[in-house]
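**Q** Can you read through this structure? Questions will come right after.
Rule-based calculations on the coordinates, nothing more; no lab input. Computed from a prediction, not measured in an experiment: that's the story for all the values here. Here the Cβ is made from the backbone with ideal geometry for all residues, glycine too, and neighbour counts use every protein chain on show.
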Amino acid sequence: MQHTSTQDTLVGLFVAAGIVGLFFLALQVSNLSSFTEQNSYTITARFENSGGLKVKSPVSAAGVKIGKVSAIHFDPKTYESVVQLSIDSQYNTLPDDTTASVFTAGLLGEQYVNLEAGGSEEHLKDGGKIEITQSAIILEKALGQFLFKSAEEKK
Amino acid sequence: MIEFLQQLGIKTRTSFTKLGRGTFFLLQTMSGVLSVLPRPRLLLNQMHSIGVLSFLIITISGLFVGMVLGLQGYYTLSDFGAEESLGVMVAASLVRELGPVVSALLFAGRAGSALTAEIGLMKATEQLSGMEMMAVDPIKRIISPRFLAGFLSMPLLAALFSAVGIIGGQLVGSGLLGVDEGAYWSQMQAKLDFQDDIINGAIKSIVFGFVASWIALFEGYDAIPTSEGVSRATTRTVVNSAFSILGLDFILTTLMFGDH
């Protein structure tokens, strides 16, 4: 009988350890605790060029992450990139003349959407649109322009 | 030439017959799983010998794999000044790939081979036919509890492996190499998704647990009842499990993470 009860304890400890491991992975390792889809709202921004932006790229305002990119698609009528941003609902006081720009974190870092608040009294609501946008700076394009310019100057 | 073709035909046919027997065996085992539930003691004993006794090898291997990943990742990432991403690298490789795969390989080597040898020996010493004589179904009494125990233990072991590995990576990364501890965790949390990474990793480990337990039990049950037969069956368990785990891992990875 003594033997069985030790065995029970060991199995119990093993299962508990396994479940603690799963919880550790869910809470400490992944983003489950920080940001969930439920309490967020979606706004759309149209960019002439969204560069290397991807779904799940961060959306930040004043350097703080407040949401993420939930979808990107191409509009075949206006030839623009339509980016859906899902913003944490605790930040629901963004003015409706907010500017969205695609920035790069560091020289070669990942791209993210930066929101800069305007001065309007009205707030952006779920399904709202950001009118003023600034495209991503494409490194190749910028380099090309720079080289072209310096060649012009030499003539 | 004719003989060669004949041999080839026999080989193909026997392997298909074996696959058929294996599938039939699996169905029998799964239908026997329900009759384990009224006797939790059987399951508990097997959880002990399959899960608890694999605990040590899994956690220690996980710790070392995580530490090596931390060390190796640091040398590569520091060339690009991206040491801060060490946490992402360690966690993503562990949760997505190494956790489920390495723990399944260890599981097949540690628990699978023991299962095959045990059941093969039971067959060789006619304990299984003895049970049948006493109108006890050996599938329900012997095989199903072991199958269920393996199936339940594997995801827990894989989660432990990944968790311990990530801690090991952190120990080496921020303890030894000076990566910022906050960056290690926060970058990891920002990059790893619960659904895409953790759940998919868990699905992998469930599939591997299912397959590894099935192979181990079937090889034992199907072993030629001699000492040589049991030894061959044990070898086959480890080899076939390793092949199936790695092959399935490739398929599951393309299905789960193919697009990013």
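**Q** Take segment B:208-259, drop everything but the C-alpha atoms, weight them equally and run the Debye formula without solvent; then report log10 I(q)/I(0) at 0.15, 0.22, 0.27 Å⁻¹ to two decimals.
**A** Cα-only, vacuum Debye calculation for segment B:208-259: -0.46, -0.75, -0.94.
**Q** Apply 1/(1 + (r/R0)^6) to the Cβ-Cβ distance of A:Val55 and B:Arg21, taking R0 = 51 Å, and write down the FRET efficiency to the nearest 0.05.
**A** 0.65
**Q** Further question on the same structure: Among B:Gly220, B:Gly169, B:Gly22, which one shows the biggest mean-square fluctuation in a GNM of chain B, springs joining Cα atoms closer than 10 Å?
**A** B:Gly22
**Q** Amide H neighbours of A:Gln134 under 5 Å, at least 5 residues apart or on other chains, H built in the peptide plane: list them.
**A** Long-range HN contacts for A:Gln134: A:Ala100, A:Ser101, A:Val102.
**Q** Restricting to lysine pairs 8 or more places apart or on different chains, what number in chain B have Cα atoms under 25 Å apart?
**A** 5
**Q** A further question follows. What 222 nm value per residue comes from the helices of chain B, counting each DSSP H run with n ≥ 4 as -39,500 (n - 2.57) and dividing by all residues, nearest 500 deg cm²/dmol?
**A** Computed mean residue ellipticity for chain B: -25000 deg cm²/dmol.
**Q** Gain in length, B:Ser129 to B:Glu3, computed as 0.36 nm per residue apart minus the alpha-carbon separation, to one decimal in nm?
**A** Extra length from B:Ser129 to B:Glu3 when fully extended: 41.6 nm.
**Q** Can you tell me which of B:203-215, B:117-129 comes out highest on packing, and rank the rest after it, using the mean Cβ neighbours within 10 Å?
**A** Ranking, from highest mean packing down: B:203-215, B:117-129.
**Q** Now a separate question. Collect residues whose amide H, placed 1.01 Å from N in the peptide plane, falls under 5 Å from the amide H of B:Val179; neighbours closer than 5 in sequence don't count.
**A** For B:Val179, whose amide H was placed from the backbone, the distant partners under 5 Å are B:Ser174.
**Q** Another one. Helix A:2-24 versus the longest principal axis of chain A: what angle, 0 to 90°, nearest 10, using Cα atoms?
**A** Helix A:2-24 sits roughly 10 degrees off the main axis of chain A.
**Q** To continue, here is another question. Going by Cα centres, segment B:139-166 and segment B:185-199 are how many Å apart?
**A** 24
**Q** Roughly what % of Cα-Cα distances in segment B:110-260 sit above 24 Å, to the whole percent?
**A** In whole percent, the share of Cα-Cα pairs in segment B:110-260 beyond 24 Å is 49.
**Q** Still on this structure, please answer the following. With axes computed from alpha carbons, what is the tilt in degrees of helix A:139-154 against the longest principal axis of chain A, rounded to the nearest 10 within 0 to 90?
**A** Taking Cα atoms only, the helix is inclined about 30 degrees.
**Q** Under a cut-off of 18 Å between alpha-carbon atoms, report the aspartates and glutamates in cross-link reach of A:Lys65, not counting same-chain residues fewer than 8 places apart.
**A** By straight Cα distance, A:Lys65 reaches A:Glu37, A:Asp88, A:Glu110, A:Glu116, B:Glu84, B:Asp193.
**Q** Any idea what log10 I(q)/I(0) is at q = 0.12 Å⁻¹ for the protein assembly as shown, Debye with uniform C-alpha scatterers and no solvent?
**A** Relative scattering, expressed as log10 I(q)/I(0), comes to -1.00.
**Q** From the convex hull of the Cα coordinates of chain B, what is the mean projected area in square nanometres?
**A** Taking the Cα atoms of chain B, their convex hull projects to 17.9 nm² on average.
**Q** Dividing the alpha-carbon Rg of chain A by 2.2 N^0.38 Å yields what?
**A** That works out to 1.58 for chain A.
**Q** Neighbour counts of other C-beta atoms within 10 Å: give me B:His48, A:His73, A:His123 arranged from fewest to most.
**A** A:His73, A:His123, B:His48
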